Structures are given as structure tokens and as C-alpha cells.
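Input: a single structure, listed below in C-alpha cells.
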Number of protein chains: 2
Amino acid sequence: MNKRSRLDRHYEAIPIAYVESSLVEPADAPNQGDEGAPAAWLVFVPEVIDGLSSLKVGDRIVLLTWLHRARRDVLRTYPGDDVHAPYLGVFSLRSPDRPNPIGLHPVEILAISGHRVQVSNLEAVDGTPILDMKPVI
Amino acid sequence: MNKRSRLDRHYEAIPIAYVESSLVEPADAPNQGDEGAPAAWLVFVPEVIDGLSSLKVGDRIVLLTWLHRARRDVLRTYPGDDVHAPYLGVFSLRSPDRPNPIGLHPVEILAISGHRVQVSNLEAVDGTPILDMKPVI
């Protein structure tokens, strides 16, 4: 297995949905959804609608977002933007700034209306792309 | 916000590491790591080493893999490949086959040696790209 030849490899992550939220600026978003984030709608792209067919109101799911406004060149930072905290490697932090800015969001489904799904407590800003949605196990 | 113009958008996910494992064939991998998956090494690419600086043996983390051998055109399937089970939308399942085949793996760090990190119970096959690693919260 030639590892060197794979360093330049990348994979194309395609949004399955976008967030519609009253949260507009990343600075207004809480660090975690249970710290007062609002409910939000997910608007799915037509191509993936069949994947929604078994979702029910009340399901607990994990949303995977692509945090498109994050920085990808950050490898060490301060947790919670607290410069008095220790300066840590990003793989020990939940900071959005990291090589692949994928966010994990445990949420509950509040409503389903065609290609639109409302979820609780989502700390992602309006327009954030969604890459995946999985049941909590 | 013009949603239509964003349907063709994609994001480049770049592997930060690759799995080194005795698991070679996806058919041999258990459905979940706690169903008998082996320990495995993660071999990080040189560009992201600084991000590892705060990891410790015993840390519990969530690994995000890109399941590169999964099918991306599947929107409904049978859970656990059981054709007698109900036929469900993939966003209600943990199946690797889905539009963005990102796997979530809760593991524990067993050893750290330079750019190599050993983790417990990883059901991903040898060569699987890793996209991210986050602390469990």
C-alpha cells in the first residue's frame, strides 16, 4: 500500500441539505446546541428525498454539518476562544476551526414537511450545509 | 439567498490520517465497533501533526472516517443487510452506503507514538481515510 501517493487525495462532500435558522453570525452561535441554540429547519435537496422516508417526529439524530465559515489551517487553538485557557491541538477540541470543519450536532426532530425537517437546538448558522444525518445509537 | 445555485456545490474533504488494521474486507467488519472490532493504528499525515499535541492515552474520542468503499447512490436499504427487515431511508440508518459515507466511531486512545495513534474497537477496514477526531462530550 503506497501511502505517499494518497496524501494528495481528497473526497467530494456534497450537501444533502442547508440550514434555515435565525442564527446568522457565527459569533452569535453558542458553542454547543444545548447552550440555548434555536430550533432550525433543514431544507433537503431534491436528489436525496428518498433517504428521509423513515424519519419520524421525536427521532433523536446526529447531524453532520460542513462548517463552511470555519478556518481549515488551524491546528492549535484556545478552547472556547479563552486566551487564558491552555493552547491545545484541535483534535482535542470541538472548535469549528480544523482541517475538515465537520460539526456533530445531536438534535431531535420536531416537524417534517415534505423536503423540510425542523430540528431542536441547532447551533449552526443560516446557510450551513448538512452532509449527513444518522440515528443516535 | 439563492438555494438553487448552491445545489452543485461541494466541499473537499482531505484525509488527516489512514487506518492500519487487520480488518481488510468490509464484509469482515462488524456493524459497530463494540461488536468485536480490533484495535487499530491511525497514521497521520505530516501536515496535521500539531493538531495531535494535546491527545493522551485514555482519551475517549469520536473518529470521523470517509468510508471510501461504500456506495453513494443508495437512499433506501435494509438495516444490517437483513432483507426481511423493513426497507428504510438511509438517514434513519447507520449503513455506510449513503450520499456522504462518513462513519462515526467512538473509540479510546490506547497508545501514541509520534504520528501514529492506536485506538480501541475500530470497525473500519485497513486504508480507510480519517477526516476528523473530536473529544467525546
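The values are calculated or read from the model by the stated rules, or taken from the named source; none is laboratory data. Please read all numbers here as calculations on a predicted model, not as lab measurements. No Cβ is skipped: glycine too gets one built from the backbone with ideal geometry, and neighbour counts run over all protein chains shown. Surface accessibility is based on the protein's heavy atoms, side chains included, excluding ligands, DNA and RNA. Shrake-Rupley method; radii C 1.70, N 1.55, O 1.52, S 1.80 Å.
Is the shape of the protein assembly as shown best called rounded, prolate or oblate, per the rule: a/c under 1.5 gives rounded, else a/b larger than b/c gives prolate, else oblate, with a ≥ b ≥ c the square roots of the Cα gyration tensor eigenvalues?
oblate
If the segment from B:SER113 to B:ASN31 were pulled out straight at 0.36 nm per residue, it would be longer than the present Cα-Cα gap by 26.7 nm. Here region B:1-129 exposes an accessible surface that is 48 percent carbon and sulfur, computed with a 1.4 Å probe and the other protein chains kept in place. Excluding same-chain neighbours fewer than eight residues apart, the aspartates and glutamates reachable from A:LYS134 by a Cα-Cα span under 15 Å are A:ASP50, A:ASP59, A:GLU108, B:ASP97. Segment B:VAL57..B:ARG71, full-extension length gain: 1.6 nm, with 0.36 nm per residue of separation and the alpha-carbon distance subtracted.
Peptide B:95-101 shows a mean partner chain C-beta count of 5 within 10 Å per residue C-beta.
Between A:ILE109, A:ILE49, A:ILE61, the Gaussian network model of chain A with springs among Cα atoms under 10 angstrom shows the greatest mean-square fluctuation at A:ILE49. Give me the accessible area of B:ILE112, 1.4 Å probe, in Å² rounded to the nearest 10. Probe radius 1.4 Å; accessible area of B:ILE112 about 70 Å².
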